[in-house]
1. Restricting to helices (runs of 4 or more DSSP H) lying wholly in segment 52-167: which have 1 or more residues that are surrounded by 12 or more Cβ atoms within 10 Å (Cβ to Cβ) and within 15 Å of the chain's Cα centre (by Cα)?
2. Please find, among 87, 103, 92, 77, the residue that is touching a strand residue (DSSP E or B) at 6+ places or on another chain (Cβ under 9 Å) and over 19 Å from residue 44 (Cβ atoms).
3. Considering only residues of segment 17-30 that are in a helix (DSSP H, G or I) and open to solvent by 30 Å² or more (accessible area, probe 1.4 Å), which is modelled with the lowest pLDDT?
4. Condition (residue is closer than 24 Å to residue 35 by Cα, surrounded by 13 or more Cβ atoms within 10 Å (Cβ to Cβ) and modelled with pLDDT of 65 or more) applied to segment 191-198: is it met by at least one residue?
5. Check residue 173 against each of (1) within 20 Å of residue 53 (Cβ to Cβ); (2) touching a Pro at 6+ places or on another chain (Cβ under 9 Å) and name the one condition it does not meet.
Amino acid sequence: MTRERDQATEIAATGTTVDVGDATTRYLLYGLLPSWFVPGLADWAMHRRTRIEDTAGTKESFIHSLMMAEVGIPIALTLRYEVNPLLLTVQLGGAAVHEATALWDVRTAVHSDREVKPIEQHIHSFLESLPFGGLASLMCLHADQVKSLLRGGDDPDAWRLVPRRPPLSPGYLAGIAAAIGTCVLLPYGEELVRCRRAARARKKHARSDAAHWRAPGSTRSKKRSVNKKRSMKGR
């Protein structure tokens, strides 16, 4: 308590204050958003370790791409446009759809032969909670827009995309774009390509086996011929 009183006295004496809105914005831009890439990469590593291409395959990898789009589009819009009822609706809808797709993802993995280890489940908990944490912070920053949304958005600009004023710096946007390309698009694109290649290899192998068994000199073909002769003799 003494320390807090001392800090309050210092702030009162110097006139220095901390803007909660600015601090929260910095946390979202330079803390939460960049840290999102860490569990995303860890999840990709777990998929590779459990050989997703030989188990759940292309279906689960496609679900991962879908989930990234569900959070990526609202984030991209938020970085470029002002928060208003339209953007809040997109963000809330994206978070809800992302949660439903996450359940589909886990169900797909569990029903396949891929083992979802406890550490991967903990990684999923971060990936699921971060969108809600970011959205909650954003709604606190823009409580007036939340109220406008609840009233139906009576402002003339409520239901259109309004560019940020001032916009985020080009350097920051370029850094985020580079991070997305390196930590999201590249690894998960590689995963999808790997799964598709494995699926094509299995189909090719299956066709090869089928052709082998149908070949005139194969063991199975000989058995068919013998069975046919026995059937004709029986008649």
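The values are calculated or read from the model by the stated rules, or taken from the named source; none is laboratory data. Note that the structure is a prediction, hence the values are computed from the model and not measured. Positions of Cβ are backbone-derived with ideal geometry, glycine not excepted, and every protein chain shown enters the neighbour counts. In case anyone asks, the SASA skips ligands and DNA or RNA and just uses the protein heavy atoms, side chains included. Shrake-Rupley method; radii C 1.70, N 1.55, O 1.52, S 1.80 Å.
1. 58-80, 85-111, 118-141
2. Just a single option satisfies the conditions, and that option is 87.
3. 20
4. Yes, the conditions are met somewhere in segment 191-198.
5. (1)
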